[in-house]
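The values are calculated or read from the model by the stated rules, or taken from the named source; none is laboratory data. Note that the structure is predicted; figures quoted are calculated from it, not measured. Cβ atoms come from the backbone with ideal geometry, glycine included; neighbour counts cover every protein chain shown. The protein model used for the area step is the full one, side chains on, heavy atoms only, and it has no ligands, DNA or RNA in it. Shrake-Rupley method; radii C 1.70, N 1.55, O 1.52, S 1.80 Å.
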Amino acid sequence: MEGDYHQLYTIFPAKKFDHIFFLEALGHSNNPKAVIKGAYDVLKDGGELYIKDYFGKLSLDPSIQQKIDEAILLTNDNFYYNTLELSELLDIIRATGFQLMYVRPPQYQNDSTEAKAFVKKYLKKIKNMEAMDSYEIKVRKATNANP
């Protein structure tokens, strides 16, 4: 089945799924709030949403933050991406009504060898692949939640 994940409610009935996974996909959204709300609507009560994505790093040092911001802009432009701000996404999740289960670094050994080789070969302008952190976020729709 194909469809736009910004409009899950037009593709699936309410309370259809037990689990939804966004694996490095939410960063391609121009409206994460609509995606999160749609996921909420199509999850059953007690259903879980898992997000694994990239989030911009923050630094208290303005010169380092400027380099991070520049690297993120280049990444967004070259990969048609919308690097997420962790705090903003958590605000959306909480405002939607999800219960936060955890936010953590991925629980696997990250091997970015292929990604770095791709960037080196095709996107020489992007020099700082360390401008983003990867996190796993897991949330639950409350049992008997009101849509």
Per the Kirkwood treatment, what hydrodynamic radius in Å, one decimal, follows for segment 53-110 from the mean inverse distance over all distinct Cα pairs?
13.4 Å
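Accessible area per residue for segment 28-75 in Å², computed with a 1.4 Å probe and the full protein assembly in place, what is it?
For segment 28-75, the solvent-accessible area averages 48 Å² per residue.
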For Cα extents along the principal axes in Å, the listed values are [x] 53, 29, 25; [y] 49, 35, 27; [z] 50, 29, 28; which was obtained by calculation from the structure presented?
[y]
Go ahead and run the numbers for FRET between Asn144 and Thr10, Cβ-Cβ distance against an R0 of 35 Å, rounding to 0.05.
0.90
Sites excluded, chymotrypsin sites (Phe, Trp or Tyr not before Pro) in DSSP loops with at most 10 other C-beta within 10 Å, longest stretch of the chain:
1-79
For Met132, enumerate residues with amide H under 5 Å from its amide H, sequence gap 5+ or separate chain, H modeled in the peptide plane.
Lys57
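Once the piece of chain linking Lys44 and Val103 is laid out straight, how much longer is it, given 0.36 nm per residue of separation minus the C-alpha distance between them?
19.1 nm
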Heavy-atom accessible area of segment 45-103 with neighbours in place, 1.4 angstrom probe: carbon+sulfur share in percent works out to 54 percent
List the longest stretch of the chain that has no exposed loop site; here a site is one of the trypsin sites (Lys or Arg not before Pro) assigned by DSSP to anything other than H, G, I, E or B, with at most 12 other Cβ within 10 Å.
1-123
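Between exposed GluC sites (Glu not before Pro) in the chain, where DSSP calls loop and at most 15 other Cβ atoms lie within 10 Å, what's the longest gap?
That would be 86-147.
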Tell me which aspartates and glutamates have Cα within less than 13 Å of Lys67's Cα, excluding those fewer than 8 residues away on the same chain?
Glu130
